[in-house]
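See structure below.
Each value in this text was obtained by applying a stated rule to the coordinates, not by laboratory testing. As the structure is a prediction and not an experimental result, all values here were calculated from the model. Glycine also receives a Cβ, built like all others from the backbone with ideal geometry; neighbour counts cover every protein chain displayed.
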Amino acid sequence: MPRDRRLYVGPSLRRLRRDRGLTQSDMAADLDVSPSYIALLERNHRPLSAEMLLRLAQTYSIDLSSLAGESAAEERARLQAALKDPIFADIDLPALETADVVTNFPSVVEAFLRLYTTYREEQLALADRGAEGGGEGGNEAGDPVAEARRFLAARRNSFPLLDDAAERLARAVAEHDSLTAWFKARLGLQVKRVPPKFMVGATRRLDRHGKQILLDAELDNASQNFQLAQQLAYLELGREIGTVLKEGTFASENGERLTRRALASYAAAAILMPYGTFLRAVESRRYDIEALSRQFGASFEQVAHRLTTLQKPGQEGVPFFFVRVDEAGNVSKRLDGAGFPFARHGGGCPLWNLHQSFRTPRQIVTQWLELPDGQRFFSIARTVTAGGGGFGRPRVERAIALGCAAEHAHRLIYTQDQPGLGPDTATPIGVTCRLCHRADCTARSAPPIGRQILPDDNRRTTAPFGFSDS
């Protein structure tokens, strides 16, 4: 058999074994082969025979395509994505050489990707400390939110292990018609919707003693479904969440807990909007968030959030950034898969219509943006409401923005039928006033770092500050 027809599945086999908590000896015993043979398969030193492929499928109840399909292609895509980092810009690595490395040295590829992810985390940590002005003495343990954001940003908010596990779970849930039916049939848990006065400040509560899941009855349908999916993720995908969490290093227990919560939310969205099905719908509907919300029974914000996760190697969607702010400009959620340089501290730019969307509640507003360095982005913003559900119930109005680099904007439904509007009409904005050197900006609230302010004894500029050329 020619070499190019042989099946090498080392990375997928190793992932399968680790996901099930097995040693090579354990797997060898299950498959009635030697541990050394498993080691050779995992290193891609031996091809996988058809007989062994069937034995794996029968022993571990897996889909053959999960092993035989895109194993090497996925690893190759992950490696190529990492090698696009500017730090490697002066190294010529042809695609053919990358493919050879993936095929012949899968363990080296895994080691490299681990190191690269760690490097990304450290770069983000340094950026945080630099912005705080704390140098090496910055108090990371005092900011668990920054820890969680850094963990997600270093991985571009993409976790294929959770996507794959959630997709399998979603197929099983579909056989029972609903999450409520699944909990009853498979876990013996009754889902009950009760008045908020009995929830004691909670929206969801697992009562193990009473074998029931209690939900606030005044949650809307999308929120109820999400809470059930998140509970399912905690119960059924705990091992996968733990595996991903172990990849990070945390300076505080709170940082680790917030990251675990974020991963459970990620898994919940992946259950409700399975990767493959969702990506096909997204491309078909040209990223129409409201249409996707109706198709998947999810909220506008849930769909927008899920769109930031479509970066599975080899099956990428448009890379988006996401931010959520309140009317005072406080950022409560921030995800970046599009290379948008968010301000880590301080307010955002008032010229970005994200901050003006509160004037037109629940209406989508779009805008082309240009940063001081010339980068251009396309932004979609809209307000969303949390809470409420009954008279007198507290509610919070926030605005969210979803955006992508200009070169991807043509794929979005929001850019069609806009004569005269395009990247050339972009609004000049800054990341934050302290880092923006647009000297003539009339919306400026603070001078940029490193610029000398001119006195206004004899001349007052139209901008809040005048600056020396030096």
If only Cα atoms are counted, what is the Rg of the chain, and what is its Dmax, in Å? 24.9, 90
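From the square roots a ≥ b ≥ c of the eigenvalues of the alpha-carbon gyration tensor of segment 318-431, which class results: rounded (a/c under 1.5), prolate (a/b over b/c), or oblate? Walk me through the intermediate numbers first.
On the way: a/c = 2.06, a/b = 1.54, b/c = 1.34.
Here segment 318-431 falls in the prolate category.
Using a Förster distance of 30 Å, how high is the FRET efficiency between A463 and R362, based on the Cβ-Cβ distance and rounded to 0.05?
Working: r = 34 Å, r/R0 = 1.14.
Step by step, r from the Cβ atoms, then E = 0.30.
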Excluding the sites themselves, what is the longest stretch of the chain that contains no GluC sites (Glu not before Pro) in a DSSP loop with at most 13 other C-beta atoms within 10 Å? 1-174
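Starting from 0.36 nm per residue, how many nanometres of slack lie between E253 and R186 once their C-alpha separation is accounted for? Mind showing how you got there, number by number?
Values: separation 67, 0.36 × 67 = 24.12 nm, distance 3.26 nm.
Stretched fully, the E253-R186 segment lengthens by 20.9 nm.
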Full extension between T425 and R285 adds, at 0.36 nm per residue less the Cα distance, a length in nm of 47.8 nm
Cut-off under 28 Å on the C-alpha distance; same-chain residues fewer than 8 positions from K184 excluded. Which lysines are left, in chain and number order? K192, K197, K211
I want to make sure I understand the PRE zone here: with the label point 7 angstrom from the Cα of S178 toward its beta carbon, which residues in segment 289-332 have backbone N atoms less than 15 Å away? 297
Multiplying the sequence separation of D19 and R208 by 0.36 nm and subtracting their Cα-Cα distance, what value in nm do you get? 65.4 nm
Please report the net charge: other residues with Cβ closer than 13 Å to the Cβ of E240, K and R +1, D and E -1. +1
Between A29 and A446, what is the label-point separation in nm under the 7 Å Cα-to-beta-carbon projection? 6.1
Length-normalised contact order for the chain - Cα pairs under 8 Å, 6+ apart - percent: 11
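Among the DSSP beta bridges whose two residues both lie in segment 144-314, what percent are antiparallel, rounded to the nearest 5?
Counting only bridges with both partners in segment 144-314, antiparallel ones make up about 45 percent.
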Over the chain, the sum of -39500 (n - 2.57) across DSSP H runs of at least four, divided by residue number and rounded to 500 deg cm²/dmol, gives at 222 nm -13000 deg cm²/dmol
Magnitude of the Cβ-charge dipole (Lys and Arg +1, Asp and Glu -1) of the chain about the Cα centre, nearest 20 debye, reported as 1340
Along the charge dipole of the chain, Cβ charges K/R +1 and D/E -1, which of G389, Y287, L31 sits furthest on the positive end? G389
